[in-house]
Each structure stands twice: as C-alpha cells, then as structure tokens.
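The values are calculated or read from the model by the stated rules, or taken from the named source; none is laboratory data. All values reported here derive from a predicted model rather than from experimental measurement. Please note: Cβ atoms are built from the backbone with ideal geometry, for glycine as well, and neighbour counts cover all protein chains shown.
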Amino acid sequence: MKIKLGGIYYTVCKVLDLHDGEQKLDGQLKHSEASIYLDSVLCPQAEIQTTLHEIVHVITAQNGRQDMGEDAVDAMAFGLMGFLRDNPRLVKRWMDILAVK
Ligand SMILES: [Zn+2]
C-alpha cells in the first residue's frame, strides 16, 4: 500500500517480528526509504493506531517539528483515531468535499 504525505509516497509494509536491534517495535518510519513498516501481528485497531503514529511522525518531520517526543506523537495518533471513529458522518462529508472531482 502507498500513502501520499506531503510530496512523498510512502510504502507501507507489514513485517513479521519487527525490531530495531534488540527493541521490539509495532511500527517504524524510514524516511530514507520512504517506507513505513508495521508488525504483521498487530490487531486491526493497533495497526490503524500505529499507522497514524507513523503518519504523525512524517507530518511533524516535514513541518520542522522533529522535536515532538514519542508521547506527543502517540497522543496525536490516539486523538486522531478517536476523532475518526467517533465522527464517521463528518469524516465522510469532509472526504466528499475534499475529493478530487
Ligand atoms: Zn514513534
């Protein structure tokens, strides 16, 4: 799957047993590869939250806010997920407005 963020298309890949060295990861952004890696065992809800987490990393990096810590990135990801889940009619209306015609 590809996600367009800013001017870059990121490839989203599921990986079995995702690690960074000894550290177990749910997700990982690699700017140099324009890739987002997700652990393949994540349940669907965790996969969505983790994808949003990595998307927030991309957005903050592209806008000069690499200083946001993991806690703030996670807060944004959980907040966005809650907003999307709690407001499906509003999200659909906005998507209809923003759709390329
Ligand atoms: Zn992170």
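Checked against the criterion of being surrounded by 13 or more Cβ atoms within 10 Å (Cβ to Cβ) and either on the phi > 0 side of the Ramachandran plot or touching a residue at least 40 places away in the same chain (Cβ under 8 Å) (or both), segment 12-31 has no qualifying residue. For first residues located in segment 40-62 and among the basic types (Lys, Arg), partners that are away from the ligand (no atom under 12 Å from the Cβ) and in a helix (DSSP H, G or I) and lie 6+ apart or on another chain with Cβ distances below 6 Å do not occur. Give the residue that is farthest from the ligand (Cβ to nearest atom), with candidates limited to residues of segment 60-101 that are surrounded by 10 or more Cβ atoms within 10 Å (Cβ to Cβ), over 26 Å from His31 (Cβ atoms) and among the charged types (D, E, K, R). Selected residue: Arg93.
Among the residues of segment 45-53, some residue qualifies, meaning at least one is more than 10 Å from the chain's Cα centre (by Cα) and surrounded by 10 or more Cβ atoms within 10 Å (Cβ to Cβ).
Going by what's in this entry, would Asp39 be described as at pLDDT 95 or above, charged (D, E, K, R), touching a helix residue (DSSP H, G or I) at 6+ places or on another chain (Cβ under 7 Å) and on the phi < 0 side of the Ramachandran plot?
Values: at pLDDT 95 or above: yes; charged (D, E, K, R): yes; touching a helix residue (DSSP H, G or I) at 6+ places or on another chain (Cβ under 7 Å): no; on the phi < 0 side of the Ramachandran plot: yes.
Judged against the criteria, Asp39 is not a match.
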